[in-house]
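Before any comments, here is the structure.
Since every read-out is calculated from the coordinates, none of them should be taken as a lab result. What you are looking at is a predicted structure, and each value in this text was computed from that prediction instead of being measured. As a convention, Cβ positions derive from the backbone with ideal geometry for all residues, glycine included, and neighbour counts pool all protein chains shown.
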Amino acid sequence: MKKKIALVTGITGQDGSYLAELLLKKKYIVHGIIRKSSSFNTGRIDHLYIDPHNKTNFYLHYGDLTDSNNIYNLIAKIKPDEIYNLGAQSHVGVSFVNPEYTSEVSGIGTLRILEAIRFLNLKKTKFYQASTSELFGEVGSKKIFDEKSNFVPKSPYGAAKLYSHWITKIYRESYGIFASSGILFNHESPRRGETFVTRKITRFLARKYYGLEKKLYLGNIYAKRDWGHAKDYVEMQWKILQQKKPDDFIIATGKSYSVKEFINEACKQIGFKIKWQGKGLKEIGILNRNNKKEVFIRIEKRYFRPNEVHFLKGKNFKAVRKLKFKPKYSFKSLIKDMLISDLKIARSEMILRKNDK
Ligand code: NAP
Ligand code: F7E
């Protein structure tokens, strides 16, 4: 049987790397788009590239979602059966600083792919768009978001992703393209970028454990998120493209925790006694270790965003029914997975530093 060909944008990111692993396991030929950077940016996929089993199944191409010709030429050459558009300027905080660039990549980038599919008349190519819970924003009381909820984005990132979400639906309805979106709530893993809050916390705690770091500075620790594991979620991205008809799906756990609850659970797992004191910008986290008390968490104004989504929780009923969504990771086991990995990394650094002395 002919092997399926997939093209993944954002293959060097958290989701892209897990998705590439999954597709290779399913015997796909995987093509990925990587950006030219001044230092190596393939750390999450190097193990796939050097694996001799993947030699003829894994190809990387230089490209950028802001470059229409490049996107068009790659799609024309590869003629993929499935395109997963995971590439994005994905940091909500950064999108307030670089709103125009964020719109170009996370908004118009999607249009560039859809236009290439349309123009090349690729009738059999299926398209997956990485939509996000940042399309939603609370209006009044807390609620659980589902596929029928109104979109109220609160950031340039959310607005760019809303454009991508709608243009995907418009190309599906107007040109009959098999184009689907997964509206994914926050998902984390040991491969999560280090500036996202969960990884910032687990990385800090692991480094603190080995004496490599003193203090952690955070923003709004009362924001609540519906956190799942990226490994569970990329499987749904694939499943969404295996449906008979294109459609949109919420992928979420249905549980929501604050950043502070995440810290408390992570501290518990690593064996740190934490006590909170104060309010607002004066709130501090105090670590009690070996009968010594030390302020190790502080709140910093610069980590607050000009606008914030305070509460997110998703209703995953459609995904459970149609995609048989059954996540393997819980809130606690997600944190455990991240801590184990970050402790390993911190321990290696501690040994290196000792050997250097
Ligand atoms: P990520 O780790 O930040 O990865 C983003 C990827 O996009 C990286 O490979 C990055 O390349 C690439 N990229 C950035 N700018 C690009 C450009 N101009 N042209 C081409 N590629 C570019 O994100 P993730 O967490 O894996 O998320 C994957 C997708 O799902 C993103 O679209 C994100 O917005 C969306 N999403 C994420 C979550 C979540 O909780 N993780 C939830 C909902 C939706 P470099 O490695 O070179 O930077
Ligand atoms: O923030 C608060 C922050 O940056 C989570 C992206 O993958 O998920 C992600 O977006 C919460 C926010 O993720 C810090 O204000 C407090 O309320 O980890 P985050 P995010 O903004 O939810 C969605 C679904 C996506 O689609 C995005 O691509 O934590 N917070 N203190 C902080 N956040 C950060 N980054 N750093 C802090 O110091």
Handout entry: HN-Hα J in Hz across the range 217-226 - Karplus 6.51, -1.76, 1.60, θ = phi - 60°, x for Gly and Pro
Key = 10, 10, x, 6, 7, 9, 5, 10, 10, 9
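Hey, with R₀ at 41 Å, roughly what FRET efficiency would residue 293 and residue 166 work out to, going by the Cβ-Cβ distance, to 0.05?
Details: r = 52 Å, r/R0 = 1.27.
So, using R0 = 41 Å, E works out to roughly 0.20.
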Practice task
Working from Cα positions, state the angle (0 to 90°, nearest 10) between the long axis of helix 259-270 and the longest principal axis of the chain.
Solution key: 70
Completion exercise
Distance in Å, no decimals, from the C-alpha centre of the range 75-116 to the one of the range 1-52 is 17
Exercise for the section: Between residue 217 and residue 1, take the C-beta separation as r, use R0 = 45 Å, and let me know the FRET efficiency to the nearest 0.05. Expected result: 0.25
Exercise for the section: Starting from the Cα of residue 355, step 7 Å along the direction of its Cβ; do the same at residue 46; then give the gap between the two resulting points in nm. Expected result: 1.5
Exercise for the section: Take every DSSP beta bridge with both residues inside the chain and express the antiparallel ones as a percent of the total, to the nearest 5. Expected result: 25
Practice task
Between residue 37 and residue 121, with labels modelled 7 Å along Cα→Cβ, what's the label distance in nm to one decimal, could you check?
Solution key: 4.0
Practice task
Report, by chain and number, residues whose modeled amide H sits under 5 Å from the one on residue 297, excluding near sequence neighbours (fewer than 5 apart, same chain).
Solution key: 216, 285
Handout entry: Count of Lys pairs (Cα-Cα under 27 Å; at least 8 positions apart or interchain) in the range 36-160
Key = 17
Practice task
Rank 343, 281, 48 by mean-square fluctuation in a GNM of the chain with C-alpha springs under 10 angstrom and give only the top-ranked residue.
Solution key: 281
Practice task
Quickly rank 234-244, 291-301, 144-154 as a protection proxy: mean count of other C-beta atoms within 10 Å, highest first.
Solution key: 234-244, 144-154, 291-301
